[in-house]
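Here the structure is laid out as structure tokens; the discussion comes afterwards.
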Amino acid sequence: MLFTSQGYLFFLPLVFVATYNLPPRARPIFLLAASYVFYAAWKPPYMLVLVLATLLNYIGGRIISAQPSPFRRRAWLGLFIAADLAVLLAFK
């Protein structure tokens, strides 16, 4: 689905209305699912890459937040940024 397609003209308002009618704790999960649907409408095979990148960043955030020193947090942050860039370079 492209931003200029007719499907997007229906998808965006639907997601917008649904998001604000959901309880606040359910909104991030719904928006993540809606993002996956939007991306899958464009290239379904790349969904695995998107899910893996999401998991990589989630795990990275957990690791970074568990580090006691600022130096270690920055080091892990640099590693996960490099991993994200590697994924981006591999698929673009």
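Values as computed for the structure displayed
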{"read-out": "Answer residue from the range 3-18, given it is open to solvent by 100 Å² or more (accessible area, probe 1.4 Å) and in a loop (DSSP other than H, G, I, E, B) and is modelled with the lowest pLDDT among those", "value": "F3"}
{"read-out": "Counted residues, the range 19-33 - those being within 25 Å of Y58 (Cα to Cα) and assigned to a helix (DSSP H, G or I)", "value": "9"}
{"read-out": "Residue check for P68: loosely packed, with under 13 Cβ neighbours inside 10 Å, at pLDDT 90 or above and not small (G, A, S)", "value": "yes"}
{"read-out": "Count - residues of the range 19-36 that are surrounded by 13 or more Cβ atoms within 10 Å (Cβ to Cβ) and among the hydrophobic types (A, V, I, L, M, F, W, C)", "value": "4"}
{"read-out": "Neighbours by Cβ (under 7 Å, 6+ apart or cross-chain): first from the range 66-92, over 18 Å from V51 (Cβ atoms); second open to solvent by 70 Å² or more (accessible area, probe 1.4 Å)", "value": "Q67/R73; Q67/W76"}
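The values are calculated or read from the model by the stated rules, or taken from the named source; none is laboratory data. Everything quoted here is computed from the prediction, not taken from an experiment. Here the Cβ is made from the backbone with ideal geometry for all residues, glycine too, and neighbour counts use every protein chain on show. Surface accessibility is based on the protein's heavy atoms, side chains included, excluding ligands, DNA and RNA. Shrake-Rupley method; radii C 1.70, N 1.55, O 1.52, S 1.80 Å.
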